[in-house]
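Working notes, beginning with the structure itself.
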Amino acid sequence: MTTTQLAFDIDAMMHADMVAALPAWDGAPLGYHEEYRTPAELDAAWARWEMEHGRFGITPYSHMWHRYGHGFTADPEIGGHQHAIFSADTRCGGRFGDNDHVHAPGELPDELMYQIICEPFRWHTINDRENAAVEAWHDHVLPGWRDLPVVPMKLAEHGHERKKLAKLQTWVEEHYPPAWQHPGYPIITERRGFGSRHVPGRSPFGGYDFAAPTT
């Protein structure tokens, strides 16, 4: 046995002892599920799985809910409603080279899933399309958003240039009802065919920039 192998074996035994000493888990399921759970509960379950099994391959092997896009833009809060978005990779079938890691037919959706949670109202939505989940949250928080004016493409394609952003701001202020010009509120913009994602934080108000037409 090599020194390196011995070190690996010792580390494995120490990890096994650590896992054996952990208290019994009674939090959110340590795998894919569609129960309502708070963001903190999902974070805790993710941390527990990582503690037991390690970080390597945690997303495809655990199939668990984890933060999606966290840290790139602030999660919008509107009228006491919260927006915590999670993702779960439920695609499986041994595609990661581990033939032992398989599931019965129909056990998992076999898709990249998205969940948005509004904790103050104990509300959540789950969908295999990010856009659909984002739209459902806005239906929950801001009914009527689908009727907002569509920003013309020539203004929407601003490339974050200061002058173009100013023109976008002016257009929105002139065409959007005052009641829809608040922090965290969305806009709808005309896009080219490849620009179909609803982009968080891209509205002049810090909310979503919806691609038109929405579905």
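The values are calculated or read from the model by the stated rules, or taken from the named source; none is laboratory data. On a predicted model such as this, the values are computed, not experimentally measured, just so you know. Please note: Cβ atoms are built from the backbone with ideal geometry, for glycine as well, and neighbour counts cover all protein chains shown. To get the accessible areas, we keep the full protein, side chains included, count just its heavy atoms, and leave off ligands, DNA and RNA. Shrake-Rupley method; radii C 1.70, N 1.55, O 1.52, S 1.80 Å.
Between Ala88, Ala44, the distinction of being at pLDDT 95 or above, among the aliphatic types (A, V, I, L, M) and open to solvent by less than 30 Å² (accessible area, probe 1.4 Å) belongs to Ala88 only. Considered as a group, the residues in region 125-171 that are of a type in the set (Lys, Arg) and either without any contact (Cβ under 8 Å) to a residue 12 or more places away in the chain or closer than 30 Å to Pro109 by Cα (or both) include one that is most open to solvent (accessible area, probe 1.4 Å), and that residue is Arg162.
Yes or no, residue by residue, for (1) basic (Lys, Arg); (2) out of contact with any Pro (no Cβ under 9 Å at 6 or more places or on another chain):
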site	(1), (2)
Ala104	no, yes
Pro109	no, yes
Met113	no, yes
Arg122	yes, yes
Val141	no, no
Gly144	no, yes
Lys154	yes, yes
Lys163	yes, yes
Leu168	no, no
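Residue-wise test of (1) open to solvent by less than 60 Å² (accessible area, probe 1.4 Å); (2) at pLDDT 95 or above.
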| residue | (1), (2) |
| --- | --- |
| Met14 | no, no |
| Ala20 | no, no |
| Arg37 | yes, yes |
| Arg48 | yes, no |
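What helices (runs of 4 or more DSSP H) lie completely within region 123-176 and have 1 or more residues being closer than 30 Å to Trp65 by Cβ? Fully inside region 123-176 and qualifying: 130-141. List pairs: first in region 103-116 and under 13 Å from Ile85 (Cβ atoms) and part of a strand (DSSP E or B), second open to solvent by 60 Å² or more (accessible area, probe 1.4 Å) and of a type outside the set (S, T, N, Q), Cβ under 6 Å, 6+ apart or cross-chain? Pairs that qualify, where the first residue is under 13 Å from Ile85 (Cβ atoms) and part of a strand (DSSP E or B) and the partner is open to solvent by 60 Å² or more (accessible area, probe 1.4 Å) and of a type outside the set (S, T, N, Q), are Met113/Asp128.
Screening Gly94, Gly79, Gly69 for residues that are under 20 Å from Phe210 (Cβ atoms), at pLDDT below 95 and open to solvent by less than 50 Å² (accessible area, probe 1.4 Å) leaves exactly one candidate, Gly69.
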